[in-house]
Amino acid sequence: MIINAKGPASFAEKYIVRSIWDNKFPPGSILPAERELSELIGVTRTTLREVLQRLARDGWLTIQHGKPTRVNNYWETSGLNILETIAELDPDGFPELVDQLLSARSSVSGIYFRGAIRNNPEQAAEALSKLDELEDTAQAYAD
């Protein structure tokens, strides 16, 4: 595995994320102990702890005091902040990722649509009445 990194923390983060992506550390598995993992990656335990905290914040891992660090199913636990990382990990799969995001957006739209009608029914009705006038272009939908 070739990893381009700017420093030890960046290297450790990319190594762990790539290992999760490649199923070396599959979702649901336990990461090796800090000492073992820091030796494997070649960073200090302090650097590793910082990286693990950052990865936990981003949804890749779950850290609980006194328990081993668990790898999450990042599709379920991560936020939008990992999209760039996923695109870098699998550039060929980027079109599929975009398709999944659009599908998720469609699924969520019912929730905010109901909220719009509940909070301002008049404005929602006005917007719906103008749908036939909407041009079929990306820009029209963005405006």
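The values are calculated or read from the model by the stated rules, or taken from the named source; none is laboratory data. Here the structure is a predicted model, which means the values were calculated and not measured. Note that we place each Cβ from the backbone using ideal geometry, even for glycine, and neighbour counts take in every protein chain shown.
Taking the stretch 6-84 as the region of interest, the helices (runs of 4 or more DSSP H) fully inside it that hold 1 or more residues being under 26 Å from L101 (Cβ atoms) are 8-21, 45-57, 74-77.
Somewhere in the stretch 85-108, is a residue outside any helix (DSSP H, G or I) and either within 25 Å of the chain's Cα centre (by Cα) or over 18 Å from E13 (Cβ atoms) (or both)? Within the stretch 85-108, one or more residues are outside any helix (DSSP H, G or I) and either within 25 Å of the chain's Cα centre (by Cα) or over 18 Å from E13 (Cβ atoms) (or both). Residues in the stretch 56-72 that are within 10 Å of the chain's Cα centre (by Cα) and either under 14 Å from S29 (Cα atoms) or not assigned by TED's automatic domain parsing to the domain that holds A12 (or both): W60 alone.
The lone criterion from (1) surrounded by 10 or more Cβ atoms within 10 Å (Cβ to Cβ); (2) modelled with pLDDT of 85 or more left unmet by Q64 is number (1).
Quick check: is even one residue across the stretch 30-43 of a type in the set (K, R) and at pLDDT 90 or above? Yes, some residue in the stretch 30-43 is of a type in the set (K, R) and at pLDDT 90 or above.
Exactly one residue out of G59, G28, G42 is surrounded by 14 or more Cβ atoms within 10 Å (Cβ to Cβ) and on the phi > 0 side of the Ramachandran plot: that is G59.
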